[in-house]
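Here's the structure we're looking at; comments come further down.
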């Protein structure tokens, strides 16, 4: 809401010296969010005066006709002689009053006016248009002032309102009343403790003034008050006065015609949206009712709309003429010949208007106000103010008859403990504070229980005040939030982070310590990303959730894997010249739940949910396990003066997974696997030990060349992805090991196996065979070549043996080694190498 | 006593003669001093202190002397051998020191050579800032609560007193999730971390003191100051006798923990459906502390010369939310706040553009290292 300060001052008796910025600060303190203060005309300086055109000499021979004018500017030019001014506009005649910027004036945009030679003549100033003075947008020519506006030579600043300040206020949804000069003036007056004059205080017609336009309301639930007032004999050519144009322009409303401008002006002033019909085009009695299915209406914006039974309509005998509170119909629109005008002021149900506005994607100044709640009692005053303006400015005759349908129920008082505001704020307000402050905002306050309880009836313009806390807020904000003390909360001893929360931090630190950089990518995917991963049609990762309103139509899906986001970030870094990249991400993926209901249930809000109700909601919410993923390309270790670098490989991806498992205290078991998007020969399935055997937690390895191509990645890019939640569950609390101080015995074995036998199995067999004397086993060489048979490979292991309680004998160590080799032989066909 | 030993050999006697012993000692000491390196010293040691050295041989003869002469001869030879041994030890140390000095100089390297053989990783600053923000409250005894990102509308809106057709609900620019059949699923991407308030109340014993950091979503296009995916830190307390003053205390503790002590905070009345009364929270600009206000010569980039920085919204929990979460509003009261993690990072570390936080450029993230 843009509020001119001059307009505000008409109704709030603010101290003369208060600047717009001070006013803004005060309004912010009471809860009106003033976003900007526009100081209009602050950049206009120097002599800008009223002038009268005495004579016009038409100059020809130029590209366009030019006028050389003699303009009486009174004594403003010092000499009293007429001023000679060149003007390109043609919308004025000799004798007209105009606005003249004399030499020395500076107009908006730093436009300095001087005496200068142009079109062969000396031009001593400029005759101004509204646009040049930033009054309003007008490209029709210069401003022609009405006769009697002011004497030539009069300074034009004051009468034209060249300088004014406009407060731009972001109105929160609870404060519909602040979408009006009236509402803001009331707040300003309360903030300064000065008198407020209500612009709705107009002389109302007698309560029994019947004989208005026939109308009925079908349902009090859609419209609680309906007022019609009419005028006849309106002059459709009557211009909108300059002051009204100026004020409308400052609030951001374009001037259309006097009749329309008056409805907008009253809306801005009182917050009550009005509608004006050409009465000659309305046929028969008006009814306010819900739409019937299939009804249609062509609205003012020339769109033919199909109406919904939830829309509130204004209808006449011909059918719908307005979508109530949202937009009028084209057929009954005020036109250039309209002389009889019917003004509507109504109180429509907020929720209905909100839905209609959304349904028809029509957000108007009117619907914005109805949605946020307009004063439920101001309609008669608003309609009356409008017809009086039409009478005053448009020569109309106001109908005596008035239509006033009042279906509103009286508002019930809210019981408020006198101490409630003090208890909410933690401030010991003196008794009587609440009643005083509430009366200031327009509430009626009665005392009960000897003053311990207040019975508060909020004013008609505050539909938002319904609960004790709403009323407490009014008291606390007017008493000043700055007066609330700062008292540290005293929480009971907390338990710190959960193990899962600690794990996430440990995983982040572990991977960062291993050289990976964390990214936080958007969780939005497109089908293209899933195709790029080479996922088969049946792949579970293709079962995604879809957004109804994605930001980007190419990415409507919610991720089921972290890889696309990581791979795109990787490609972006490579594209920016960073070829050696290792990235990781931890985050949720979203998995539709099997058997989930079509729609999550809506529960009651007037009580807590039952266990069953909660379970029903949870059953509709997708599974959202936390994953961790990592990708890497280029050199894992860069080349340098020390020698060549080491390229990142599938093994680094598995190692990243081990890093995660290590942080969780879980042991990772690696097995060969095939899964998209990995290279079929370079993909590992990763398992952790669970209570019921090994649990698959993810995959790692080198990416499939087709995936590499699809995402534009460097060759041999490697990746891993784990379900972090599963890894976390496998973590075991570390038990202190027995640290033996007896000497170690080291034995190496070289085993020859088929090339296809995984080293992991050989190692597992060695461990099992060696028994508890084995301290560690380490593969230190893998050999294929001349010294082993074709299709076989040699694996060399270092075995370390140690006992907790003694020095091992050579016989013991030999036996353990032999047992290890035997187990490997039995399970993997390993043969001890020569 | 017996008669003088007539059987001793004059030669042997000569070897033990004081002059002879002195000569052997001098000879040995001269050789030691003359040894120019450790190898030479080793030879000298063998020649003058070894088993076949003159002094060692002389020592063997002592037994042949008459008992009366043995003691003196023993002292004489022993003294000489000790002198030689000590001289050897000293010379050994000298020569080793000389050798070490020489070798270590020869082994000197250029320690300014780079050894960047390992790429350094980093955690995302939004992660670490959110952790720090949460830790300030964990330090006060709060626990960290969590909730899903795809959330039921009931949790995201209804339970938080966003009525179905209220403008506050449509103002949230919500991402809606389609049902399996392409219809209305009743699910949204949570527009704020506030649903965790209700979840925490439903899932925990009272009183509840929690913070909930997390990802939130709104249909804003990415630009310098907006992102459709962003992060908030929710805070909530529900206990008996809780007031707005405690809310202020918690916010003040956060500001001093995050930005430094002595910074003022300011509450501005505002509106959120789930709090009543509600406020926007500003803190004094920690860079200029208000000095830039009205001073065009010293503008402040951090606060735009406003003197204040908006850090979030807060308020006293609307009793309707307590009711929807099954908490008795007659007995309990509470408050909640929501702080922007991106904003905190932008202010605390001078990040100017939201793009930097979402693109995953390693240059940006690496600058922040492991902790913030």
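Peptide A:423-429 has a mean shielding of 5, counted as Cβ atoms of other protein chains within 10 Å of each residue's Cβ.
Protection proxy ranking for B:26-36, B:271-281, using the average of other Cβ atoms within 10 Å per residue and placing the highest first: B:271-281, B:26-36. Our note on the geometry: Cα centres of the stretch A:698-720 and the stretch A:726-787, 30 Å apart.
For the residues A:268, B:354, what sequence is obtained by ranking on other C-beta atoms within 10 Å, fewest first? Working shown, then result.
On the way: A:268 25, B:354 18.
So the residues, fewest neighbours to most, are B:354, A:268.
What is the antiparallel percent of DSSP beta bridges lying wholly in chain A, to the nearest 5? So the antiparallel bridges amount to about 95 percent of the total.
Could you tell me which of rounded, prolate or oblate describes the stretch B:125-366, using a ≥ b ≥ c as the square roots of the eigenvalues of the alpha-carbon gyration tensor, with rounded for a/c under 1.5 and, failing that, prolate when a/b is larger than b/c and oblate otherwise? Verdict is oblate for the stretch B:125-366. The modelled label-to-label distance for the pair residue A:528/residue A:732, using points 7 Å beyond Cα in the direction of Cβ, is 4.8 nm.
One decimal place: the segment residue A:554-residue A:748 gains 64.1 nm when fully extended, by the rule 0.36 nm per residue minus the C-alpha distance. Remark: mean inter-chain Cβ contacts per residue of B:197-204 equal 1, using a 10 Å Cβ-Cβ cutoff to other protein chain atoms.
Among A:667-674, A:518-525, sorting by the average number of other beta carbon atoms lying within 10 angstrom of each residue, highest first, gives A:518-525, A:667-674. Neighbouring Cβ atoms from other chains, within 10 Å of the Cβ of residues in B:248-257, number 3 on average.
The simple Förster model, with R0 at 45 Å and r as the Cβ-Cβ distance, assigns residue B:96 and residue B:17 a FRET efficiency of 0.80. Between residue A:775 and residue A:91, full extension at 0.36 nm per residue minus the direct alpha carbon distance yields a gain of 235.9 nm. Each part reduced to its alpha carbon centroid, the stretch B:241-260 and the stretch A:804-834 end up 66 Å apart. Counting other Cβ atoms within 10 Å as a rough exposure proxy, the listed residues A:617, B:105 run B:105, A:617 from fewest neighbours to most.
Taking the DSSP beta bridges with both ends in the stretch B:140-228, the antiparallel portion is around 75 percent. Consider all pairwise Cα distances in the protein assembly as shown and report the whole-number % of them above 54 Å. Of the Cα pairs, 45 percent sit more than 54 Å apart. Residue separation of residue A:612 and residue A:256 scaled by 0.36 nm, minus their Cα-Cα distance, works out to 122.3 nm of gained length. What shape does the stretch A:48-162 have by the C-alpha gyration tensor, where a ≥ b ≥ c are the square roots of the eigenvalues, rounded means a/c under 1.5, and otherwise prolate means a/b greater than b/c and oblate the rest? It comes out rounded by the Cα gyration axes. For the pair residue B:220 and residue B:289, a Förster radius of 45 Å applied to the C-beta separation gives a FRET efficiency near 0.90, rounded to the nearest 0.05. Say R0 is 60 Å: what FRET efficiency, to the nearest 0.05, do residue B:75 and residue B:115 get from their beta-carbon distance? Efficiency, from the Cβ-Cβ distance: 0.45. Each part reduced to its alpha carbon centroid, the stretch B:300-326 and the stretch A:331-352 end up 41 Å apart. With neighbours defined as other Cβ atoms within 10 Å of a residue's Cβ, the residues A:742, B:332 order from fewest to most as A:742, B:332. Helix A:810-828 axis versus longest C-alpha principal axis of chain A: approximately 60°, rounded to the nearest ten.
Any read-out appearing in this document is the output of simple, stated calculations on the displayed coordinates, not a laboratory observation. Since the model is a prediction, treat every value here as computed from it, not as a measurement. Methodologically, a virtual Cβ is constructed for each residue, glycine included, from the backbone with ideal geometry; neighbour enumeration extends over all protein chains shown.
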